[in-house]
Every structure is written in C-alpha cells, then in structure tokens.
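Colleague: Encoded as structure tokens, here's the structure I'll be asking about.
The values are calculated or read from the model by the stated rules, or taken from the named source; none is laboratory data. As the structure is a prediction and not an experimental result, all values here were calculated from the model. A quick note on method: Cβ atoms are made from the backbone with ideal geometry, for glycine too, and the neighbour counts reach across all protein chains shown. These accessible areas exclude ligands, DNA and RNA; they are computed on the full protein's heavy atoms, side chains included. Shrake-Rupley method; radii C 1.70, N 1.55, O 1.52, S 1.80 Å.
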Amino acid sequence: MEAATHDLLALGVGDGLPVVPPTAERWEAMLDGVPSPDAVLGLVPPLFGELSARAVAGCCVLAGCRPGVVPVVLTAALAALEPEFNLLGVQTTTGTPAVGLIVHGPAVAELGLSSSTGMLGPGPHANGVVGRALALTLASVGGVTTEVTSMATTAQPARYGFCLAAPGPDDAVTVFALAGTAEVVPRDDLPASDDVLDPLADALTAPAHAGGGLDRLAACEQTVVLPPEIARRLDGLAVPEELFARGTARLGFPVSAGPEALRVVEAGGPGAKMLHLPGWMGGSRGVTRRLRSVG
C-alpha cells in the first residue's frame with residue numbers, strides 16, 4: 001500500500017492519503033457487469049481527460065470501495081460535467097469549493113450508505129469511500145494538480161470526499177459545490193418553527209458578509225441539512241421559501257438566486273443540530289441525475 005501510494009502520487013494520481021493498490025483483479029471485479037467500460041462519456045476539466053467507466057472503476061478501487069458503486073460515481077461525475085455546475089471553476093479557483101454528493105433512493109441501502117448519526121464521518125465506511133471515489137475521479141481524470149491546475153489558497157477537507165445519503169423512492173444523485181460546513185442550533189431549543197427558521201436564516205446571510213459582497217451571493221446556492229426531529233417541527237412549511245424570505249429580509253438582498261437555490265436535505269441522527277453548507281460564490285448550480293444503469 002505504501003509503495004502503491006508513493007508511485008501513484010509520483011504519476012499525479014491520488015489525494016495524498018493511502019490508497020488500495022489497483023491490481024488487475026480488483027479493477028476487473030469493480031467493472032463486473034459494466035458493458036463498454038472504455039467508452040468515452042465526457043471530458044473532465046481542467047485538462048479535459050477522458051471519462052470512462054474504467055477510469056471511474058480504478059478510482060473506486062483506489063478509494064477503498066466495494067464492487068457495485070461504479071454506477072453511482074459515474075452518474076455523479078457526468079452530472080458534474082453539466083455546464084451549470086461549472087466544474088472548471090470549482091476545480092481551479094483560489095477558493096475552497098468541494099464537490100458534494102447526495103445519493104438518493106434505494107441505492108442508499110444497497111450500498112450501505114448512512115443517513116443517520118455521524119453520516120459525514122469518521123465512521124460510516126461507505127459514505128467516506130464513495131465520496132472519495134468521486135473526488136479522485138474528478139481530480140485524476142481532470143488533471144488536478146496543486147499549484148499547477150488547482151490554485152486553492154487553502155482548500156478544505158471536503159475535497160477528499162463529501163457524501164450525504166437521502167433515502168427515498170427514486171435512485172438518483174445530486175452534485176453541488178460547497179464552500180464549507182457550519183453547525184446551526186435552534187434558538188434556546190424552543191418548539192416554535194420560528195426558533196428553527198430564524199437561526200437558519202441568519203446562517204444564510206453569513207456568506208455575503210464573509211464572501212466579498214452582496215452581489216456575489218446572487219450566484220450562490222446554499223444547502224441546509226435538517227435532522228429528522230427538526231424536520232418534523234417544520235412539517236407543512238415550505239422551508240426554502242420561508243428561509244429565502246427571512247434571510248433576504250435580514251440582508252436587504254437575496255440570500256440566493258431564489259428559493260429554488262436553497263436545498264433542504266433531511267438527514268442525520270437524533271438531536272437538534274442542523275448543518276449549513278454554504279455554496280461557492282464563484283457561481284455553481286447543483287445538478288441531479290437519475291442513477292445511470294451500467295448493467
């Protein structure tokens with residue numbers, strides 16, 4: 001493992017963490033059932049390397065995934081190539097954005113992903129390695145090299161991988177750019193919806209104050225993660241619309257491109273702690289795609 005990690009990093013492949021050696025046997029097992037693994041499905045910026053199922057499978061091996069995850073990672077990588085996501089900007093900016101991944105539907109259980117306590121780690125193995133496989137794919141195929149094509153002043157840990165799970169009826173993936181994470185707590189743990197919505201609205205204004213100007217917030221997409229007990233307290237409310245109105249009133253300027261640019265995800269374990277995931281103010285919109293079949 002040490003030798004493989006060293007040799008791959010010398011070739012510009014890897015993220016600096018130890019990797020699982022990509023033996024031929026592991027690679028082929030990851031590709032089991034995948035037709036036309038060498039078909040070129042897209043070009044990944046900044047150097048526009050060729051995206052294929054084989055390339056994805058290799059990154060899944062490196063990340064420590066078990067077989068069966070290629071459809072999820074491949075679909076997510078293709079979603080990140082949509083123009084509105086602006087992957088070139090995300091991968092080359094001096095800012096901190098990372099590519100976040102949300103897996104929806106029955107695939108969550110099938111892959112052993114967690115949408116409960118500690119879902120972002122450390123702990124849930126599948127969340128960590130699936131998120132890392134996507135990050136490795138976009139970086140390795142795209143030719144992301146620190147101080148050459150990636151100029152992030154500090155970057156952030158989510159660039160190693162960031163994967164949420166949201167069980168539901170339909171298999172799909174969402175990719176979105178996130179600038180970081182911040183905990184949000186209900187006001188005095190009171191039961192009224194205002195005591196949840198007001199702190200969240202305050203959080204939504206923070207990127208404008210910290211990110212270089214109100215006008216840049218208009219291009220920003222923001223995400224909030226509500227644990228189940230908090231989501232139940234807001235049942236029946238149009239949460240994105242409520243947050244957009246409250247945040248905009250506080251700021252005197254829209255806190256996003258509109259209510260549709262405020263993503264609300266229900267996930268997490270017991271407790272009242274919420275999560276704010278500010279978007280990238282350089283301009284990126286999330287993309288959702290139905291899970292690509294490779295069988």
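Colleague: When you check Leu197 against the structure, is it touching a helix residue (DSSP H, G or I) at 6+ places or on another chain (Cβ under 6 Å) and of a type outside the set (Lys, Arg), yes or no?
Modeller: The answer is yes for Leu197.
Colleague: Pick from region 244-271 the residues that are open to solvent by less than 20 Å² (accessible area, probe 1.4 Å), among the aliphatic types (A, V, I, L, M) and assigned to a loop (DSSP other than H, G, I, E, B): which of them is farthest from Pro228 (Cα to Cα)?
Modeller: Among residues in region 244-271 that are open to solvent by less than 20 Å² (accessible area, probe 1.4 Å), among the aliphatic types (A, V, I, L, M) and assigned to a loop (DSSP other than H, G, I, E, B), the one farthest from Pro228 (Cα to Cα) is Val255.
Colleague: Output the number of residues of region 8-60 satisfying the condition of being open to solvent by 60 Å² or more (accessible area, probe 1.4 Å), assigned to a helix (DSSP H, G or I), farther than 21 Å from Thr149 by Cβ and not small (Gly, Ala, Ser).
Modeller: 5
Colleague: Given the criterion out of contact with any Cys (no Cβ under 6 Å at 6 or more places or on another chain), in contact (Cβ under 8 Å) with a residue 60 or more places away in the chain and either of a type in the set (A, V, I, L, M, F, W, C) or over 28 Å from Gly269 (Cα atoms) (or both), identify the matching residue among Ala152, Ala135.
Modeller: Of Ala152, Ala135, the one residue that is out of contact with any Cys (no Cβ under 6 Å at 6 or more places or on another chain), in contact (Cβ under 8 Å) with a residue 60 or more places away in the chain and either of a type in the set (A, V, I, L, M, F, W, C) or over 28 Å from Gly269 (Cα atoms) (or both) is Ala135.
Colleague: Run Leu78 past the list (1) under 24 Å from Glu221 (Cβ atoms); (2) open to solvent by less than 30 Å² (accessible area, probe 1.4 Å); (3) touching a helix residue (DSSP H, G or I) at 6+ places or on another chain (Cβ under 9 Å); (4) not in a strand (DSSP E or B) and report the number of the one that doesn't hold.
Modeller: With (1) under 24 Å from Glu221 (Cβ atoms); (2) open to solvent by less than 30 Å² (accessible area, probe 1.4 Å); (3) touching a helix residue (DSSP H, G or I) at 6+ places or on another chain (Cβ under 9 Å); (4) not in a strand (DSSP E or B) applied to Leu78, the lone miss is (3).
Colleague: When you go through Val103, Val148, Val99 one by one, which is the residue that is open to solvent by 20 Å² or more (accessible area, probe 1.4 Å), part of a strand (DSSP E or B) and not charged (D, E, K, R)?
Modeller: Val99
Colleague: Let me ask something additional. Of all residues in region 272-295 being open to solvent by less than 20 Å² (accessible area, probe 1.4 Å) and at pLDDT 95 or above, which is nearest to Ala158 (Cα to Cα)?
Modeller: Here the answer is Leu277.
Colleague: With hydrophobic (A, V, I, L, M, F, W, C) and closer than 20 Å to Glu241 by Cα as the only criterion, which of Ala219, Ala179, Ala166 stands out?
Modeller: Exactly one residue qualifies, and that residue is Ala219.
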